[in-house]
Each structure stands twice: as C-alpha cells, then as structure tokens.
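What follows is a single structure, written as structure tokens, with notes after it.
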Amino acid sequence: MNYLAHAYLSFGRPKILIGNLIGDSVRGAIEKKYEPEIVLGIKLHRAIDAYTDSHPVVKEAQLLLRPNFGRYSTVITDMYFDHFLSKFWNNYHPQPLNDFAQEVYLIVDQHADILPEKFIKMYGNIRLYNMLVKYGEFDGIRRALQGMAKRTTFNSNMETAHKFLDQHHEFFRLHFGDFFEDLVAYSKASLNELINSNFISER
C-alpha cells in the first residue's frame, strides 16, 4: 500500500507511524538504528506489503494493469488504492482527512532528525502538495503518478495511469472495497502480535 494507507494502518500510534512510513526506505540492522516501537512500525509495514502482494483481489487488479504497465502494476495498484482511501475516507475514519493529514505531517516533522534521506525526498513533495488529501482528487492522483513516472529507471508508462484509472474506475473501486477491510483486520492482528511479542505497552 501507499503512504496514506500505511499512516491509517498505524492506528494512532506515533512511533509505529514513523516506522510504517519509512519502511521502504530502510535496510540493514534496523534494531541498531531505531528505537523498538519504530522497529515494530517498520516490521508492520513489511507485513502489510507482503499481505497486499499475496491477496487474490489485489492480484486480480494487477492483472488488468499488467499489459499496459508491466512491473509497475504493483506500484500503480498501491496508488490507486490510496486514491480510493482518500476519496472515501469518511467511510473508514471519524476524523476529517485534512486534520488526520496535518497530524501525520506534524509527527513526521517531529522526527526529522532520524528520517532516512530516501524518505525525506519523497515526503517533501507529499507535505508540500498535501498529497495525503489530494490523492483522493483526480488531479492529485494524476500529479502523483506523473511524478512517479519521472523517477522510474525504465519506461513505466505511469504518466498515463490516471487515464487508465478513469477508464476502469468502478473495477478498481470495487476491488479496493473488497480488499481493504481484510487488510485492516490483518494489520490490527499483526500489530497486536508484534506488540505482545516485544512487550511494548499499549498507549
């Protein structure tokens, strides 16, 4: 999943949030670099990604994308699903999305000194354009996909992926709805297991 989903799936725990957001940007001995709860967030991020990649509903969505976007189908699916989470946020969270996004930005800014450089580069644009909110708008997801296309090593065709979303909107909306409840349940269970196995107190 993409940044909004990982933030949502941190369930209001700031340190878990940091780990969950930087999960793709860290390698090596994370236990030596970060405090225990951030490490749990990184591990939760990786569990979420593994579950997402193996879920049959997600695989079916990626199958439709693959002829046009090849290896980048997984990235595009993640971004599409953030689009629908943002767009239908009120169905999943009682807090207004913009308020939630501002809290996320504040927590990330408070941990600026430990953020990996790879994440900082991406986060600068997310905060500048308030992408956690703008993902839900068609122009916002277009901007995000075109930005990603500029950063890919190979020709990804991602600059046209917003048009593909528009053409197949209902297909992807339904797949997101079918998948996301499963992901929330899995993420809650995984976080509880991580907390219990590491004796970190609930706060």
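Can you pull out every residue in the range 43-85 that is more than 18 Å from Y3 (Cβ to Cβ) and of a type in the set (K, R)? K59, R66, R71, listed by residue number. Determine whether the range 132-153 contains at least one residue that is closer than 28 Å to G28 by Cα and more than 20 Å from the chain's Cα centre (by Cα). Yes, there is a match, as at least one residue in the range 132-153 is closer than 28 Å to G28 by Cα and more than 20 Å from the chain's Cα centre (by Cα). Sub-7 Å Cβ pairs linking a first residue in the range 16-37 that is surrounded by fewer than 20 Cβ atoms within 10 Å (Cβ to Cβ) to a second residue that is among the β-branched types (V, I, T) and in a loop (DSSP other than H, G, I, E, B), at least 6 apart or interchain, are P36/I200, ordered by first then second residue. The test for being within 21 Å of E181 (Cβ to Cβ) and at pLDDT 95 or above holds for D82. In this structure, is K121 free of Cβ contacts under 8 Å to residues at least 12 places away in the same chain, open to solvent by 70 Å² or more (accessible area, probe 1.4 Å) and under 30 Å from I30 (Cα atoms)? Against the criterion (free of Cβ contacts under 8 Å to residues at least 12 places away in the same chain, open to solvent by 70 Å² or more (accessible area, probe 1.4 Å) and under 30 Å from I30 (Cα atoms)), K121 qualifies. Of all the numbered requirements in (1) more than 15 Å from the chain's Cα centre (by Cα); (2) surrounded by fewer than 21 Cβ atoms within 10 Å (Cβ to Cβ), A47 misses one, and that requirement is (1).
The values are calculated or read from the model by the stated rules, or taken from the named source; none is laboratory data. Values in this document were obtained by computation on a predicted structure and should not be read as measured data. Every residue, glycine as well, gets a Cβ built from its backbone with ideal geometry; the counts of neighbours run over all protein chains shown. Accessible surface is based on the protein model in full, side chains and every heavy atom, while ligands, DNA and RNA are left aside. Shrake-Rupley method; radii C 1.70, N 1.55, O 1.52, S 1.80 Å.
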